[in-house]
Structure formats: structure tokens, C-alpha cells
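Notes follow once the structure below has been shown.
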2 protein chains.
Amino acid sequence: MPTIQEVAKKAGVSVATVSRVLNDNGPVSSNTRKKVQAVIDELNYQPNLLGRNLRRSETRMILVLLQNISNPFYSKIVKGMEDTAHENGYNVLICNTNTDIDLESIYLDFLKNKLVDGVIFTCTAMVTAEFNKLAKNYPVVLCNEYNKDIKAPIVTIDNEIAGYEATSHLIKLGHKKIGMISVNNVGSSYDRMKGYMRAIEEAGLEVNDDYIVYHTFSYKGGMRGIKQLFELDDPPTAVFCISDLIAVGAIKELKSKGLRVPNDVAIVGFDNNSIAPMYDPSITTIAQPRYDIGKKTMEIMLQRIKGSGNNNYIVKLEHDLIIRESTLPSID
Amino acid sequence: MPTIQEVAKKAGVSVATVSRVLNDNGPVSSNTRKKVQAVIDELNYQPNLLGRNLRRSETRMILVLLQNISNPFYSKIVKGMEDTAHENGYNVLICNTNTDIDLESIYLDFLKNKLVDGVIFTCTAMVTAEFNKLAKNYPVVLCNEYNKDIKAPIVTIDNEIAGYEATSHLIKLGHKKIGMISVNNVGSSYDRMKGYMRAIEEAGLEVNDDYIVYHTFSYKGGMRGIKQLFELDDPPTAVFCISDLIAVGAIKELKSKGLRVPNDVAIVGFDNNSIAPMYDPSITTIAQPRYDIGKKTMEIMLQRIKGSGNNNYIVKLEHDLIIRESTLPSID
DNA sequence: CTGTTAGCGCATTCAC
DNA sequence: GTGAATGCGCTAACAG
């Protein structure tokens, strides 16, 4: 593990010169450059970034906080972030928070302790006031999650319109009794519900509060949601699920009740999760422009690190309704 | 962003004393300790880890290389790694390699450049010789993937026995024509195939080479595998798939051919992926002790960092056969 | 074009 | 029990 000193000595130059060829800045004669490079290659020298980072007071690392790496939804988002980061000489680190506030706080120390230059949140267990304080002092960007009080750059889609389109699709198929399986306390699902309600009202139908149920963001949440909806005297004939995972649970539960999808009940999911086209039936869903979301998020992050851009804006990207088997017009 | 200097000044002590209370080592009178701590709290001081890491020449960070974070199989493995790391004062960083050798090489530079203390591979695009050279010089552990020529600690299950049990399960159900959808060039799948062949031979049946097909480690690989197997004049009545994702593709393709699972064809997957219990039918599979695999891998990593343990051993943990709908005795 | 030097923030040895 | 001084490896100002 040679140091820059040893390289300099062996090449018969000063450390400054070695540093110059290493970083390819400052003037170096092509002759000494060649000489130094030869020694670098010979010794297989790799600069110790601990020294460089301390000196430069930056690491060119961006930390991305994920609630759970196994959520396939974030895969392409992260890819968009990575590509953009790499193009700009930055690297992406990923950490799992499991919605654990203590764990999240450890990773935030990476930021405060200068181990990373910025943090991208795809979820947070922090209260808004605390988050805003953090965002005021450090480069922080929110991706795909928000509430109205947050003061930090946010990249997302227009969830209200997406919810409107998903619901309108069901209405156009002739459904009049449309349920919704949602989750509590999440800004994006609140907006999706507003869109759901607007679509129903604009169609001249009535919003039935019993048709809106709240469960967890999971397969099991979907199963429980269907159970609750089908305990009603007059259950819905279509259900808009806040996520594809919930939709999968919903379909599985409907099947176990002997109901067919889409023949007896139509289902719409959300996210275009990788499971959506694979499931049986394949699931109609809202596709988010995940790669672009990641890309845009990273662009804003890099701007913030450079000090430009203000702290208080929201970017909304375009989504798509993808129609699959789970809402095909019934064959019967 | 105060430095240790400013804390020392404000507290009226030397930086050495501040450092002592920070790290809780070396003698400090309880009085000055209290005084210093008060200033630390007041200034909200957080040590700059760039300085500390350079000085200590360690970062207490372990990098975990994943081919793709969205593979839910690794979620619990990573959790096991994280818990073990945290218990020992280490943190886990995750990076996506996408099986891209250039990307992998960037992340390996983190190790060579002292940004992380060790790297855990769950996959690698490197050739064995290169890998072995790396493993000789740096703390490196392989998790769940291997080939016989690799000289580094490896944590995995006994894939030969697992393949044997999966196949034997199908034989016990009365199947005599058992296909296998595998992938090429992966040590674990090679071992699973050996187990598959041993089970068939021990049952007095014959291995039919046409029944073993190779495709990619994916949903589409499963669809193609079934297509190939069912072009045969005498197709199998049961198929052992090297992964649950392949099993999902296989089932989807069988259904589209009008064949029922398990009534017409029985399917066994591998990994107990989160999709396995959710799919319709739910999938019989081999469950790996994922959390323990992660835990053990990290334990070995920490040993290697401390310099103990040799470089050339393999740890095999216990697996389980989980029987679900996809191999239920046919109703017909 | 090249070398000398200072210092990033911290932990640690050695005096006292 | 405490402080002064050194240096981890590197970059960047400055001088030549």
C-alpha cells in the first residue's frame, strides 16, 4: 500500500507533481508525467481517499435511504440516480432504514459527519419539523414521498391526476361501485384518494365512505382490504389499490373467495411493480417514470451541493396508465 | 460545523481531552468530562469522521455488492449482515453492480482506497484468478455464490442436498418424468443439478438430458424453459426450477398453454422468494436461512478484518423444503 | 514547469 | 489527569 510520498521518491519528483498527474490538473511536462505514471503503474499505486476527502472536505458520495432494498419499485429509480451520479463524478451508496428512526439517525450522521455529501430520502421516519431543520442545513432531496409541510426539493408524479385516471378507467368500463384500498398518513396516497373522489363525483356518482379502507402497504394489507370490503352488504365491483403489492393480495383473497378477476371484480394497482405483468391475471396499473424520477432527483441533489437552486419546490413528472388483464372487459 | 479545536477552546481544555471524552478512553476527571460534554451538547458538535478515519486508517464500513437491489432474495440476508455489523460498531453500505465489470471495479476501488474496510460479494463479474488475488490482499467474503476454484471464505447452503431433496419430493409424489430449468456457469446451480441427478438415479429412474434446459435467471427464463421442455414428444410431468422467479415464469407459461399446476404439471422453485407464497398457485420451494447466512457472512468478515481466520473455507448452513400448492397431489 | 510548505480534523504518544 | 506536539495522506497556494 504505497503512499504518494513513496511514489514521489521513486519517481524522483515532489509529491505535488505526483498529485498533479493523479488529478490531471496543473502543468506537468509530458516527460515527467510519463515518468510518474510509470511508477504509479509499477507500484500499482491507488491514492488513499481518506486523505483526499479530508483535504477536499468532500467525498463525492450520495447516500440513498431506502425503507427496504427488496422493494422492486426503487430498483430503476436507483439506476437513474446512479447513472446521473456517475456522469458527474459522484457515487451512490444505499442504506436500509426499515423505517427505524434510530437507524435513520445513524445514517444521517454520515451526512453530518461529512462521510457523504448529500442524502436522498425515499421515506423518512422523522417528524416534519426535524426534517425541515435538516434540509435547511444540508443537501437533502425527497424522492417520491412528501407531505405539504415539507420544505425541501421533492420529485414525484401528480398523484391526484393518477388516482383520477385509474378510477376513471374503471368508470369507463361501466363500474359504479368502486372501492379503494389505501394506507394512512402518506402524502402520495392522500392525493391518489383525492383523485379517486374527484373522478367519482365528476361522473355523477356518489362517494361511499365504506368503500375506502385503510391497511398496510403490503400483500397482507390487500388481503385484509378485500376482506373488509366484502363484508359489506353491497360490496364494490371494482377496487383501486394504492400499490401493486396490495393489488396482489386483493386478487389472491378474491380468488380464495371464489371470485374471478376481472370477471367478477376488476382491480387496478399502482407503481407498475415487476410483479404486475407477471401475476395471474396481469395487473392494470399506473406506471411511474422511475428512471427519470431517479435521474431528476440526482440532478437536483447535485445542484444543491453546488449551492444553486432553492430549497422549496416540487417537480412532477409524467405517469402512464397501463391496461392489463385485471381490468379487461368481462367475458361473461 | 464546529471542529474539535473550537470545542476545546470553548471548554478551556486541550483537543486531546476533548478527544478522550469523545471516545471515552484515556483518563479524564469527571469534572472536566462534564464540562466538555456540556460544550459538545451546546455546540451540537459532531466529529468529522474524515479526520478520524484518516487518523485511524479504518472506516468501520463494510460494502455489500448486490447484482440488483430489487432482488428480494437478498433483503433478509442484508438484514442479518446489518444487525451483526451494528452490534460490532460497523455499518453496511450497499451498491448495485448490475453485473457490470466496470461498475464493480469502481466499487472495489472503495476498498483499495480505504473508503471501506471490507467487501462482501453476492455476485461477481470478475474472473476467478483476479478475484483470488483481491481476496489475498483485502478482507473479502463471498455470500451464497461460488465456484470450486475460489480461494476466499464462502457462506452458503448445501446446494447438492437441496437439489436432491427438491427432486426426491417430486419422485415421492409419483413423478417419473422430471424436468429441470437451470442456468449456466453458476456454481450453486451446478450443485443443485448434481443433487437432481443423484435423486433420479437413486430412485432407479433414468436421467434424460433433454429434460435439463438452461435459461436466464429470470421470469422470462422460466417461460422459455417451459416452451423448450414442452416441444419434446414426451414432456415432463414435473419441473424443478433453479429459482422461484423461474418457477413463476414456468407456471405462467404452463397456464397459457392450458395446463394446470399442480394437476397437470408439478413445479418446485428455489429460494422461498417473497413471491412464492403470494403466487397462484403458491410455490413449493427450498428456503434458505437467509438471515443466518447474512449474519454468518458478516461474522466471518469481521474476523478477517481483525486478521484471524484463514482465507480458504466454506460454511454450509441448513435449508428447508417448503411444500405449497404447486406440488399438491393432483385432485383429478 | 516544479518543489516547498501548510493544514484539512482528528487520535495518540510523550511529557509534565 | 492534562496539554503539547506529531502525523495519518493528500491537495493547493505560493515561490521560484
Tally, over segment A:50-72, of residues that are without any contact (Cβ under 8 Å) to a residue 40 or more places away in the chain, within 21 Å of the chain's Cα centre (by Cα) and open to solvent by 30 Å² or more (accessible area, probe 1.4 Å) = 2
Residue count for segment B:117-156, restricted to those that are part of a loop (DSSP other than H, G, I, E, B) and of a type outside the set (Val, Ile, Thr) | 15
Taking the stated definitions as given, is A:ASN23 more than 12 Å from chain B (Cβ to nearest Cβ), more than 9 Å from DNA strand C (Cβ to nearest atom) and surrounded by fewer than 15 Cβ atoms within 10 Å (Cβ to Cβ)?
-> yes
Take segment A:73-104 and flag every residue that is closer than 17 Å to B:THR99 by Cα and open to solvent by 20 Å² or more (accessible area, probe 1.4 Å).
-> A:SER75, A:LYS76, A:LYS79, A:ASP83, A:HIS86, A:ASN91
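Which residue, of A:ILE94, A:ILE77, A:ILE106, A:ILE120, is in contact with a strand residue (DSSP E or B) (Cβ under 9 Å, 6 or more places away or on another chain) and without any contact (Cβ under 8 Å) to a residue 12 or more places away in the chain?
On the way: A:ILE94 fails: without any contact (Cβ under 8 Å) to a residue 12 or more places away in the chain; A:ILE77 fails: without any contact (Cβ under 8 Å) to a residue 12 or more places away in the chain; A:ILE120 fails: without any contact (Cβ under 8 Å) to a residue 12 or more places away in the chain.
From the options A:ILE94, A:ILE77, A:ILE106, A:ILE120, the qualifying one is A:ILE106.
Which ones in segment B:59-74 are within 15 Å of DNA strand C (Cβ to nearest atom) and more than 9 Å from chain A (Cβ to nearest Cβ)?
Passing the criteria: only B:ARG60.
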Please state which of the following conditions A:VAL92 fails to meet, knowing it meets all the rest: (1) facing another protein chain (nearest Cβ under 9 Å); (2) touching a Phe, Trp or Tyr at 6+ places or on another chain (Cβ under 9 Å).
-> (2)
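Quick one: is A:ASN48 within 12 Å of another protein chain (Cβ to nearest Cβ) and within 7 Å of DNA strand D (Cβ to nearest atom)?
Numbers: within 12 Å of another protein chain (Cβ to nearest Cβ): yes; within 7 Å of DNA strand D (Cβ to nearest atom): yes.
Yes; evaluated as a whole, the condition is true for this residue.
Looking at segment A:28-41, can you tell me whether even one residue there is β-branched (Val, Ile, Thr), more than 10 Å from DNA strand D (Cβ to nearest atom), closer than 21 Å to B:LEU49 by Cβ and modelled with pLDDT of 95 or more?
Going residue by residue through segment A:28-41, those that are β-branched (Val, Ile, Thr) are A:28, A:32, A:36, A:39-40.
Narrowing the set further to residues that are more than 10 Å from DNA strand D (Cβ to nearest atom) leaves A:28, A:32, A:36, A:39-40.
Within this subset, residues satisfying the condition of being closer than 21 Å to B:LEU49 by Cβ are none.
No, segment A:28-41 contains no residue that is β-branched (Val, Ile, Thr), more than 10 Å from DNA strand D (Cβ to nearest atom), closer than 21 Å to B:LEU49 by Cβ and modelled with pLDDT of 95 or more.
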Do you know which residues across segment B:26-49 are open to solvent by 70 Å² or more (accessible area, probe 1.4 Å) and within 43 Å of the chain's Cα centre (by Cα)?
-> B:GLN37, B:ASP41, B:ASN44
Within the set of pairs 6 or more residues apart or between chains, which connect a residue that is on the phi > 0 side of the Ramachandran plot inside segment A:3-19 to a residue that is more than 7 Å from DNA strand D (Cβ to nearest atom) and of a type in the set (Lys, Arg) with Cβ atoms less than 8 Å apart?
-> A:GLY12/A:LYS35
In segment A:283-316, residue farthest from A:TYR146 (Cα to Cα) [restricted to those that are open to solvent by 40 Å² or more (accessible area, probe 1.4 Å) and among the aliphatic types (A, V, I, L, M)] = A:ILE305
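Quick one: count up the residues across segment B:111-133 that are of a type outside the set (Asp, Glu) and open to solvent by 10 Å² or more (accessible area, probe 1.4 Å). So that I can check it myself, show each step before the final result.
Going through segment B:111-133, the residues of a type outside the set (Asp, Glu) turn out to be B:111-116, B:118-129, B:131-133.
With open to solvent by 10 Å² or more (accessible area, probe 1.4 Å) added as a condition, the list becomes B:112-115, B:123-129, B:132-133.
Total satisfying the criteria: 13.
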Looking at this structure, is A:TYR107 open to solvent by less than 50 Å² (accessible area, probe 1.4 Å), within 18 Å of A:ILE69 (Cβ to Cβ) and within 12 Å of chain B (Cβ to nearest Cβ)?
-> yes
Restricting attention to segment B:1-20, which residues are more than 9 Å from DNA strand D (Cβ to nearest atom), surrounded by 15 or more Cβ atoms within 10 Å (Cβ to Cβ) and among the aliphatic types (A, V, I, L, M)?
-> B:ILE4, B:VAL7
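The values are calculated or read from the model by the stated rules, or taken from the named source; none is laboratory data. Since this is a predicted model, take the numbers as computed values, not measurements. A quick note on method: Cβ atoms are made from the backbone with ideal geometry, for glycine too, and the neighbour counts reach across all protein chains shown. Surface accessibility is based on the protein's heavy atoms, side chains included, excluding ligands, DNA and RNA. Shrake-Rupley method; radii C 1.70, N 1.55, O 1.52, S 1.80 Å.
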